[in-house]
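A.B. asks: Structure in structure tokens, see below.
The values are calculated or read from the model by the stated rules, or taken from the named source; none is laboratory data. These figures come from a predicted structure and were not determined experimentally. Every residue, glycine as well, gets a Cβ built from its backbone with ideal geometry; the counts of neighbours run over all protein chains shown. Accessible surface is based on the protein model in full, side chains and every heavy atom, while ligands, DNA and RNA are left aside. Shrake-Rupley method; radii C 1.70, N 1.55, O 1.52, S 1.80 Å.
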Amino acid sequence: MTKRTKGDLLLDIGVYAFLIALGLIMLLPLASVFSKAVSEEWAITSGKVGILPVGFQLDTLMQVISSSVFIRAFCISVGVTAVGTIISILMTALTAYPLSKRNLPGISFCMVLFIFTMLFSGGLIPNYLLMRQLHLVDNLWVLILPGMISVFNMLVIKSYYESLPEALEESARIDGAKTYTILFRIILPLSMPVIATIALFYAVGYWNDYFGPMIYINDTALKTLQLYLQDVVMDANNANLTNKSIDDLMNMSPEGIRAATVVASTVPILLVYPFMQKYFIKGVLIGSVKG
């Protein structure tokens, strides 16, 4: 074992201190918003709430999550995220598999086409006109189909496939296994770390998608949680947004309503990460760096 010098120890301390400080800086805004969501209303209006809450109450948060408008937007976002993630991860895994075969005829041309889409696009107006011609405007499928496959995520999965031993497929073919059998019963089970990681990427992307719904969704009944959050941030005193009476809104500060809505919109997707954590680091490292 190599003996560590004093300089190495100081370097480690400096690196850990920097990472801890960076983590705290990233957590401060979230802590401030959470504190406003659970603090007393008089403390929020008087500007006394900082990183830590002043007093404690859950009335504002309960008022927000009990709103029928919030529940509808929440259910729409959950549905789009769940369906979109399943479809995207399936299509991405299926696309990456043939592209991982270097002896496939025309593989270089196909890769050029995929890489081209990462660098160039038709633009906002042509995309909107295309969605309108396909009758996808004011349709929830418009939030899933255009971004169904991320080329970057596909390349990560493709790199992971290439890192698997070719002997696995060769032995399976000798035993009479077909291509789909090899993919779904051998390759995909072995690729669960990268699949779970990319699924998390897709889920966070669908959940946080704001620009797509803002452009393509005009029907208020189809608004996602992010659009609802925008409306609340712009006008927290609007009784139609929270589905509460004017008397109820008089007892809640606009800043507290905004903070409670942000917390209610953020916590669900944060709860997904602990279930994916054991796959996350391994999937990113193996999928992006071929050893």
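A.B. asks: Could you give me the ³J(HN,Hα) list for the stretch 107-124, computed from phi with Karplus coefficients 6.51, -1.76, 1.60 and θ = phi - 60°, whole Hz, x at Gly and Pro?
C.D. replies: Couplings: 5, 5, 5, 5, 5, 4, 4, 5, 5, 4, 5, 6, 9, 9, 9, x, x, 5 Hz.
A.B. asks: Residue by residue through the stretch 141-152, which ³J(HN,Hα) values in whole Hz follow from phi under the Karplus form 6.51 cos²θ - 1.76 cosθ + 1.60 (θ = phi - 60°), with glycine and proline marked x?
C.D. replies: With coefficients 6.51, -1.76 and 1.60, one gets 5, 5, 8, 10, 5, x, x, 4, 10, 8, 4, 4 Hz.
A.B. asks: Right, here's the next one. Treating the beta-carbon of each Lys and Arg as +1 and of each Asp and Glu as -1, no other charges, what is the dipole magnitude of the stretch 67-224 about its Cα centre, to the nearest 20 debye?
C.D. replies: Computed about the Cα centre, the dipole is about 120 debye.
A.B. asks: Still on this structure, I have one more. If you place +1 on the Cβ of every Lys and Arg and -1 on the Cβ of every Asp and Glu, how big does the dipole about the Cα centre of the chain come out, in debye to the nearest 20?
C.D. replies: Once rounded to the nearest 20, the dipole reads 1000 debye.
A.B. asks: Build a GNM of the chain with springs between Cα atoms under 10 Å: which of Leu270, Leu155, Leu222 gets the top mean-square fluctuation?
C.D. replies: Leu270
A.B. asks: Output the relative contact order of the chain, whole-number percent, from Cα pairs under 8 angstrom with separation of 6+ residues. Intermediate values should be presented prior to the final figure.
C.D. replies: Numbers: 291 pairs, mean separation 90.1, N = 291.
Computed value for the chain: 31 percent relative contact order.
A.B. asks: Which whole-Hz ³J(HN,Hα) couplings does the stretch 125-130 yield from phi under the Karplus relation 6.51 cos²θ - 1.76 cosθ + 1.60, θ = phi - 60°, glycine and proline marked x?
C.D. replies: For the stretch 125-130, the Karplus curve yields 5, x, 5, 5, 4, 5 Hz.
A.B. asks: Shifting gears a bit: Cα convex hull of the stretch 67-224: how many Å³ per residue?
C.D. replies: Normalising the Cα hull of the stretch 67-224 by residue number yields 132 Å³.
A.B. asks: Excluding Ala221 itself, calculate the net charge of residues whose Cβ lies under 12 Å from the Cβ of Ala221, where each Lys or Arg counts +1 and each Asp or Glu counts -1.
C.D. replies: Numbers: positive: Arg72, Lys223; negative: Asp138, Asp219.
With Lys, Arg at +1 and Asp, Glu at -1, the neighbours total 0.
A.B. asks: Then there's this: Given springs between every Cα pair under 10 Å in a Gaussian network model of the chain, which of Val262, Val112, Val233 has the largest fluctuation?
C.D. replies: Val112
A.B. asks: Let me know the charge dipole size of the stretch 93-175 about its Cα centre in debye, to the nearest 20, where only the beta-carbon of Lys, Arg (+1) and Asp, Glu (-1) is charged. Don't skip to the answer; put the middle values down first.
C.D. replies: Working: 5 positive and 6 negative charges, 57 e Å.
The calculated dipole for the stretch 93-175 is roughly 280 debye.
A.B. asks: Springs between alpha-carbon pairs under 10 angstrom, Gaussian network model over the chain: which of Ala259, Ala82, Ala31 fluctuates most?
C.D. replies: Between Ala259, Ala82, Ala31, it is Ala31 that shows the largest mean-square fluctuation.
A.B. asks: Right, something else. For the Cα atoms of the chain, what angle does the longest principal axis make with the long axis of helix 273-288, in degrees from 0 to 90, nearest 10?
C.D. replies: 40
A.B. asks: With every protein chain kept in place and ligands, DNA and RNA left out, what is the accessible area per residue of the stretch 11-61? Probe 1.4 Å, answer in Å².
C.D. replies: Dividing the accessible area of the stretch 11-61 by its residue count gives 67 Å².
A.B. asks: Got a number for carbon plus sulfur as a percent of the chain's accessible area, 1.4 Å probe?
C.D. replies: So the carbon and sulfur contribution to the accessible surface is 69 percent.
A.B. asks: Another question about this same structure. For n ≥ 4 DSSP H runs only, could you compute -39500 (n - 2.57) per run for the chain, divide by its residues and tell me the 222 nm figure to the nearest 500?
C.D. replies: Working: 16 runs with 201 residues, N = 291.
The helix-only estimate for the chain comes to -21500 deg cm²/dmol at 222 nm.
A.B. asks: Can you tell me the accessible area per residue over the stretch 128-219, all protein chains present, probe 1.4 angstrom, in square angstrom? Mind showing how you got there, number by number?
C.D. replies: Numbers: 4880 Å² over 92 residues.
Ligands and nucleic acids excluded, the figure is 53 Å² per residue.
A.B. asks: Please give me the summed charge of the neighbours of Val49: other residues whose Cβ is under 12 Å from its Cβ, Lys and Arg +1, Asp and Glu -1.
C.D. replies: Neighbourhood net charge equals -1.
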